[in-house]
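Notes follow once the structure below has been shown.
The values are calculated or read from the model by the stated rules, or taken from the named source; none is laboratory data. A quick note: this is a predicted structure, and the numbers were derived from the prediction, not measured. Positions of Cβ are generated from backbone atoms using ideal geometry, with glycine treated the same way; all protein chains shown enter the neighbour counts. Accessible surface areas use protein heavy atoms only, side chains included; no ligands, DNA or RNA. Shrake-Rupley method; radii C 1.70, N 1.55, O 1.52, S 1.80 Å.
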Amino acid sequence: MRVVSAVIALVIACVAQPAALRAQQQSGGAARSARDRSPIDLTGYWVSYVTENWRYRMVTPAKGEYRRIPASRAALPIINSWDPAADERAGNQCKSYGAGNIMSVPGRLHITWQDADTLRIETDAGTQTRLFHFSPRAASSRSSQSLPSWQGDSAATWEPAPGGGGSLRVVTSNLRAGYLRKNGVPYSERTTVTEHFDVAPLADGGKLLLATTIVEDPEYLTGPYIVSPHFKKEPNGSKWDPTPCSSTW
Amino acid sequence: MLIHVVVRRALFAMVLVAFAASRASAQFEFVGSWAPLGTEDVQNDSVPVDYLGLALTDEARIRALSYDESQKSMIERQCAGWGAAYLVLGPFGLRVSSQTDPATNRVVSYTIGAWEDWNEMVIWMDDRARPSEHALHTQAGFTVGRWEGGALAARTTHVKAGFIRKTGVPLTDQATIDWRVFRHGDILTILMVATDPVYLVEPEIVSKSFRLSARPLDYSAGCVTGYEGHEPGDTVPHFAPDRNPFADEFVKLYHLPKEAVLGYPETLYPEYRKKIKDAYVPPPPCTESCGAAGNFVLRR
């Protein structure tokens, strides 16, 4: 009889545990902070591993080349009149380091929790800081009050997977107009950037961070521009090397 | 007594079913047609000597430099196709179907349909054992998958020796490829991590995104061989590695550093960008014979 009871208990545990987990996940875990609810750990140092779009990311392509970006007709005059020296003079040297492109800029990320409901991403390339707000109130009030900026206002949500793990979704708006590519392919202030952050293990014990980035701009794009730069986890910040924005390099 | 036995067995079966369901149930719908987006560039223009974004061994580099793309015009090689990695390197979309066990209705496998120059890939989802290492190696290889952390995780082994780039960069039959498939709404992203103990110093990591297509993709055109200037029995076209006439073409076309074009590992990290900062001069704007999107087409 004891065996039967034990088996019944085990069955109940198997069936009930995922259901309870799902319910908790769906309710948003009422009093639990975003940090406590995180289904994946993104914190630490990460380095760009540039295997894709190398020619557009590691060096500055020729003026006028916008291949693989669905640039609209309205974007062409801007593309063809790109003047990096003028950007530098106007204090716009960070135009290619905005949220629309920053994850594709080769460099390192340092991801930490600024507080229990705000994830902070710093980049050493261009010394930018992004804040991902999990509290909807914080994100929307920032958006309605603040001026457009290179990194805009980002609202973040966890997307937990059944059985553990999951993904981070971030929607960024209120952006200052910037470049999708170093050579002046533009995005406007009306741009929305939606990102999905996923992690994957490597066979050698390492970890990869994948940032699927969807840029939508009704002004300068004819459709979504989607890229998925990836990063390798580093054990510490010993290679962290902050460098200022540059419009020529 | 008999009732106890029956109850125990029934409960044991329930435990097995609950355990199996928690491990194997799909975490998103993978089946469907997924159109390519074309926003990420891995193979550039298929310029003959282009190993950008790869971390190659010296042996791989020498073999790649000996490759002549005219090999593909030999009738016996025209339809040889490309290996599993071409799933994320090629320009095509995905047509994914599933096969179920009629008794349990559970997914046994997913099949990614073939293209003109790529064989279909089957991802076995039933925890089946891998065949012996001496079993047949094929272009698609042998792939086993499982659901993990919201993604479809799979590993391909038993690939046939071939290429990881159409530019002749080789891959051995000892290579393994790990896949992760993520779905976010209508966007599917496939992450490939290819390792090769002979030809890759570091894994080749490529991710490619696709968009759910309302219309089925049609890749029904098969490969048809034809005479392309080579007779059966002709010598296989190749170059002496140090005399490849295309070795500098990509370098000159885009003002790229030669070590990057030749796939040296350090060129994949941000430090390299800083290293070439003062030496690099961007190419001038294209003024004639430019293709769409202002790209250069002044080749050969």
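Across all C-alpha atoms in the protein assembly as shown, the radius of gyration and Dmax reach 25.3, 91 Å.
Note on the range B:183-258: Rg/Rh from Cα positions, Kirkwood definition for Rh, rounded to two decimals, is 1.10. Work out the FRET efficiency for B:D242 and B:S73 from their Cβ-Cβ distance, taking R0 = 25 Å, and round it to the nearest 0.05. For B:D242 and B:S73, the calculated efficiency is 0.55. By the rule of a C-alpha distance below 27 Å, with chain neighbours fewer than 8 residues away ignored, the lysines paired with A:K239 are A:K95, A:K182, A:K207, B:K258, B:K274, B:K275, B:K277.
Summing charges over all other residues whose Cβ lies under 9 Å from the Cβ of B:V144, with Lys and Arg as +1 and Asp and Glu as -1, gives +2. Taking B:K275, B:K252, B:K166 as the candidate residues, the one with maximal mean-square fluctuation in a Gaussian network model of chain B, Cα springs under 10 Å, is B:K275.
Each principal axis of the Cα cloud of the range A:92-186 was evaluated for its coordinate range; sorted largest first, these ranges are 44, 30, 21 Å.
Could you work out how far apart the two model spin labels at B:S25 and A:A74 are, taking each label as a point 7 Å from the Cα in the direction of the beta carbon, and quote it in nm? So the two model labels end up 4.6 nm from each other.
Extension gain, B:E231-B:S97: 0.36 nm per intervening residue step, less the Cα-Cα distance, totals 44.3 nm.
If you bin all the Cα-Cα distances of the range A:118-232 at 10 Å, starting from zero, the percentages per bin are 13, 41, 34, 11, 1. Only helical runs count toward this figure. For chain B, summing -39,500 (n - 2.57) over DSSP H runs of n ≥ 4 and dividing by all residues gives -4500 deg cm²/dmol at 222 nm. Taking amide H positions as modeled 1.01 Å from N, with prolines and chain starts lacking one, the residues under 5 Å from A:A177 and 5 or more places away or on another chain are A:E189. The fraction of accessible area contributed by carbon and sulfur in the protein assembly as shown is 55 percent, rounded to a whole number (1.4 Å probe; ligands and nucleic acids excluded). Surface analysis of the protein assembly as shown yields an accessible area of 45 Å² per residue, using protein heavy atoms and a 1.4 Å probe. Rounded to the nearest 0.05, the FRET efficiency derived from the C-beta distance between B:V224 and A:D241 at R0 = 35 Å is 0.05.
Peptide A:151-163 shows a mean partner chain C-beta count of 2 within 10 Å per residue C-beta.
Based on every Cα atom in the range B:55-160, Rg and the maximum pairwise Cα distance Dmax equal 16.6, 53 Å. Backbone amide hydrogens, once placed in the peptide plane, bring A:L221 within less than 5 Å of A:S72, excluding anything fewer than 5 places away on its chain.
Per residue, the convex hull spanned by the Cα atoms of the range B:108-218 measures out at 126 cubic angstrom. Basic side chains Lys and Arg get +1 at the Cβ, acidic Asp and Glu get -1 at the Cβ, and with that the dipole of the protein assembly as shown about its Cα centre reaches some 1540 debye.
Chains A and B together bury roughly 5300 Å² of accessible area, counting both sides, with a 1.4 Å probe on protein heavy atoms only. In summary, chain B shows an alpha-carbon radius of gyration equal to 1.20 times the 2.2 N^0.38 Å reference for compact globular proteins.
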